[in-house]
1. Which whole-Hz ³J(HN,Hα) couplings does the stretch 38-43 yield from phi under the Karplus relation 6.51 cos²θ - 1.76 cosθ + 1.60, θ = phi - 60°, glycine and proline marked x?
2. Sorted from fewest to most neighbouring beta carbons within 10 Å, what does the list His108, His86 look like?
3. Net charge near Leu44, counting Lys/Arg +1 and Asp/Glu -1 over other residues with Cβ under 12 Å of its Cβ?
4. Within 10 Å of each residue's Cβ, count the other Cβ atoms and sort Ser54, Ser87 from fewest upward.
5. Using the basic label-point model (7 angstrom from Cα toward the beta carbon), what is the Tyr158 to Ala67 distance in nanometres?
6. Quick one: grab the alpha carbon gyration tensor of the stretch 34-154, order the square roots of its eigenvalues as a ≥ b ≥ c, and give me rounded if a/c is under 1.5, else prolate or oblate depending on whether a/b is larger than b/c.
7. Within 10 Å of each residue's Cβ, count the other Cβ atoms and sort Ile147, Ile105, Ile62 from fewest upward.
8. For labels at Ala37 and Gln131 in the simple 7 Å Cα→Cβ model, what's the distance in nm?
Amino acid sequence: MKLTRSLRQALLPLLLTATSLTATLAGSAAAADFNVAGLELNDLWVRASVPGQSNGAGYLQITNPSATADRLISVESDAATRTELHSVLNEDGVAKMRQVSGVDIPAHGSASLSPGGFHVMFLQLTGPFKQGSIVPVVLKFKNAGEIRVNFTVKPSTYNPGNQSMQGHGMGMKH
Ligand SMILES: [Cu+2]
């Protein structure tokens, strides 16, 4: 028993170190949902699809703390037949979605893909977006390369902030 006790005393500092190390790792993971190749990706989400809905839109926040500008140039996902980068433009008072060649992320800056603006467009969903599940997507950046991410499926009525683009992704023309 004596040996066991001294062994425990010898191990105690190691156990404490391991515990604090785990806490540190968990803390840094919470700082950004995805922190890859110098970019921080946060708040990745799509709305749950409703019966009969064939398209969906994905949103995320991109932060670039580095001194080099980057650009999101394409998106790929098995969740849709085609996946594109879109923007919403106002043409003669009518909001229309248009495909764009990329989204710039300035050095020491950020880019927002959010309702009413840039978004990842999922065309012809291969299956419904179910609330609480995830949608795997590969984001391709000019400098950072390919980054594998997961979009969280929020309720179909989810609408952060005061957006005037309610129902976006369903009734809009391409
Ligand atoms: Cu779109």
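Just so it is clear, none of the values below were taken in a lab; they were calculated from the coordinates. Since the structure is predicted, the reported quantities are computational estimates derived from the model, not experimental observations. When we count neighbours, we look across all protein chains shown, and the Cβ atoms used for this are built from the backbone with ideal geometry, even at glycine.
1. x, 10, 10, 10, 9, 6
2. Details: His108 11, His86 24.
The fewest-first ordering by Cβ neighbours comes to His108, His86.
3. Values: positive: Arg148, Lys154; negative: Asp33, Glu40, Asp43.
Here the charged neighbours net out to -1.
4. On the way: Ser54 12, Ser87 16.
Lowest count first: Ser54, Ser87.
5. Those two pseudo-labels are separated by 3.8 nm.
6. Details: a/c = 1.96, a/b = 1.32, b/c = 1.49.
It comes out oblate by the Cα gyration axes.
7. Working: Ile147 18, Ile105 22, Ile62 26.
Lowest count first: Ile147, Ile105, Ile62.
8. Label at Ala37, label at Gln131, 3.5 nm between them.
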